[in-house]
Structures are given as C-alpha cells and as structure tokens.
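Colleague: After the structure tokens below, expect a handful of questions from me.
The values are calculated or read from the model by the stated rules, or taken from the named source; none is laboratory data. Since we're looking at a predicted model, the values are computed, not measured. Please note: Cβ atoms are built from the backbone with ideal geometry, for glycine as well, and neighbour counts cover all protein chains shown.
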Amino acid sequence: MKTETICRELPGDEQGAERPRYFPRQLITADDLILEQEYFRNKLRRHNRLLHGWGVVCGAKVCPLPQATESPVPWKVKVTPGYILGPYGDEI
C-alpha cells in the first residue's frame, strides 16, 4: 500500500516570502510598506501555529446567561475576554 503525504498550503506559508530591504535615500511606496506588514504578520502566524499550536491560551471562558422569558433566542452565552490562537496562527 502506497502512502501519500498531502501537504496543503496554509495562510502564511508562501514560499519565498519576501522581506523588503531598505537603503538610504530610497523612495518608499505604499507597496513596500504593505509587503513589510504582510511579511511580519505571516511570520507571527507561522510562529504561533508551529510553536504554540492553537486553542485558548488564557481567559475566554464561556458563561451561560440567564434565559429571558420573552427572548426569541432559546439560549445565550457570554465569552469573557481572553487570548485565543486560531488554527492558522491568527490571534483571536
């Protein structure tokens, strides 16, 4: 039986992620600044995903709210403040 490894590309896994290099008297455009922001965001996502994994880091407790009799929604919850890492390394 032949096993195949399926590698899918995740956000922030772009091959050859380009980091802008600046030099004196360079004219910096909006594209240069956007490229720099994308580079560092993708680097942070990759760090979070590969080193820390995903899930609740701290806080973010889910608490049920008392049910109101006239409420059209059968139940409601409140999520307390906290720090969560999403499956792609995004901070939630």
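Colleague: The conditions are (1) at pLDDT below 90; (2) in contact with a helix residue (DSSP H, G or I) (Cβ under 6 Å, 6 or more places away or on another chain); (3) at negative phi, and L85 fails exactly one of them. Which is it?
Modeller: Checking L85 against (1) at pLDDT below 90; (2) in contact with a helix residue (DSSP H, G or I) (Cβ under 6 Å, 6 or more places away or on another chain); (3) at negative phi, the one that fails is (1).
Colleague: Is there any pair with a first residue in the stretch 20-38 that is within 27 Å of D90 (Cβ to Cβ) and a second that is of a type in the set (D, E, K, R) and assigned to a helix (DSSP H, G or I) whose Cβ atoms are under 8 Å apart and which are 6 or more apart or on different chains, and what are they?
Modeller: Every condition considered, the pairs that remain are P20/D32; P20/E36.
Colleague: If you take the residues in the stretch 46-79 that are under 19 Å from the mean Cα position of the chain (by Cα) and more than 30 Å from A17 (Cα to Cα), which one is surrounded by the fewest Cβ atoms within 10 Å (Cβ to Cβ)?
Modeller: C58
Colleague: Okay, moving on. Please work out which residue is nearest to R49 (Cα to Cα), limiting yourself to the stretch 61-92 and to residues that are of a type in the set (G, A, S) and out of contact with any Phe, Trp or Tyr (no Cβ under 7 Å at 6 or more places or on another chain).
Modeller: Only one residue fits best here, namely G89.
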